Amino acid sequence: LEVLACIRAHFPSLERITSYGRAATMVRKTPAEMREVCDAGLNRLYCGMESGSDHVLERIHKGASAADIIQAGRMAKEAGMEISEFLIMGLGGRELSAEHARQTAAACNAIDADFVRVRTIGVKVGSRLEQAMARGEYVLQTEEELIREQRLFLSCLDGITSYYSNDHAVNLLMEVEGRLPAAKARLLAMLDRFLDLPEADRLHFKLGRRLGFYGGLDDLLLSSQRQEVARRVAAIQQQYPGREDEVCHYLRERVV
């Protein structure tokens, strides 16, 4: 409150102050305290939900439960704050993919955040998750499996008016964004468009996208870029036969 008062004193015309909002911290406050913070000027929060599955949250040592995340998000909204909930596709790995998608959607439905912001897993070198992957306790999904997980998640969103966004280069299909519920059918169709491509075209797009040549699926129609991507794909297949998804993950992890 002291910091916010100082900011407002020095910048009286300021309209927005934003902070990260940790669920484990937020649930220790009362609704009245949250309102006091909002009234003092902190009116937007970025909240790292990551997952709505308690199994996944426990595995990543999040330090908060799905109930905590929902309570925190609801308190922030009721206090008058605008909130963005961030979640990570692939965080549960292949084993918990469906649970992660469905229960994360359930948490988002319970909160109805202003923004639902999707991120895709990139396992950092030296992280606990990389160690779990090395032990076989976590199996990284393919790009196609990650898109299927996102499709399941999106299909389970119901009764909310959040703006759905893939606004980060770590995501394969950044173009999948729009206001729910009106945009839901269109967004599902965009995910299906990728999944329905012939296998060779899916490989061509995902490597072309990860190498920075493509921004969206329509770029597949650009003959000049397609020729260069085809050359790069052939080189990758020759050097790393059968390991194209490992290459995609390596390139994805570089932008996390």
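With protein chains left intact and a 1.4 Å probe, residues in the chain average 50 Å² of accessible area per residue. Which of Ser127, Ser162, Ser19 ends up with the largest GNM mean-square fluctuation for the chain, with Cα atoms connected below 10 Å? Per the Cα network of the chain with a 10 Å cutoff, Ser127 tops the list.
Please report the base-10 log of the normalised intensity I(q)/I(0) for the chain, using a Debye sum with one equal scatterer per alpha carbon and no solvent, at each q in 0.08, 0.16 (1/Å). With no solvent term, the Cα-only Debye profile gives -0.36, -1.17.
Using the alpha-carbon atoms, what tilt in degrees (0 to 90, nearest 10) does helix 143-156 show relative to the longest principal axis of the chain? Tilt of helix 143-156: around 40 degrees. Of the trypsin sites (Lys or Arg not before Pro) found in region 169-256, those in coil by DSSP whose Cβ has at most 16 other Cβ atoms within 10 Å are Arg243, Arg254. Once the Cβ-Cβ distance of Asp219 and Thr30 is raised to the sixth power relative to R0 = 51 Å, the FRET efficiency obtained is 0.50. To the nearest ten degrees, helix 244-253 and the longest principal axis of the Cα atoms of the chain are 30 degrees apart. Could you let me know the centre-to-centre spacing of region 1-37 and region 210-248, using Cα atoms, in angstrom? After rounding, the separation between the Cα centres reads 46 Å. What the phi angles of region 124-130 give under the Karplus curve with 6.51, -1.76 and 1.60, with θ = phi - 60°, is a coupling list of 6, 4, x, 7, 4, 5, 5 Hz, glycine and proline written as x. With every protein chain in place and a 1.4 angstrom probe, the accessible-area ranking of His55, His100, largest first, reads His55, His100.
Close amide-amide hydrogen proximity is noted between Arg44 and Ile17, Ser19, Glu82, each under 5 Å apart and 5 or more residues distant or on a separate chain (H modeled in the peptide plane; Pro and chain starts excluded).
Under 5 Å from the amide H of Asn171 lie the amide H atoms of Thr120, each residue being 5 or more positions distant or on a separate chain, with H modelled from the backbone and absent for Pro and chain starts. Hand me the tally of lysine pairs in the chain: alpha carbons under 29 angstrom apart, and the pair either on different chains or 8 or more positions apart. Close lysine pairs found across the chain: 7.
Of the trypsin sites (Lys or Arg not before Pro) found in region 35-136, those that fall in a DSSP loop while having at most 14 other beta-carbon atoms within 10 Å are Arg94, Lys124, Arg135. The listed residues Leu188, Leu207 rank as Leu188, Leu207 when sorted by accessible area, largest first, using a 1.4 Å probe. Working note: Karplus 6.51/-1.76/1.60 with θ = phi - 60° gives region 28-36 the couplings 7, 9, 8, x, 5, 5, 5, 5, 4 Hz, where Gly and Pro are set to x.
Annotation note: GluC sites (Glu not before Pro) in region 53-119 located in DSSP loop regions with a Cβ neighbour count of at most 11 within 10 Å are absent.
The values are calculated or read from the model by the stated rules, or taken from the named source; none is laboratory data. Only a predicted model underlies this, so the values are computations on that prediction, with no experimental measurement involved. For neighbour counting, all protein chains shown are included, and Cβ atoms are generated from backbone atoms with ideal geometry for every residue, glycine included. Please note that ligands, DNA and RNA were not included when accessible areas were found on the heavy atoms of the full protein model with its side chains. Shrake-Rupley method; radii C 1.70, N 1.55, O 1.52, S 1.80 Å.
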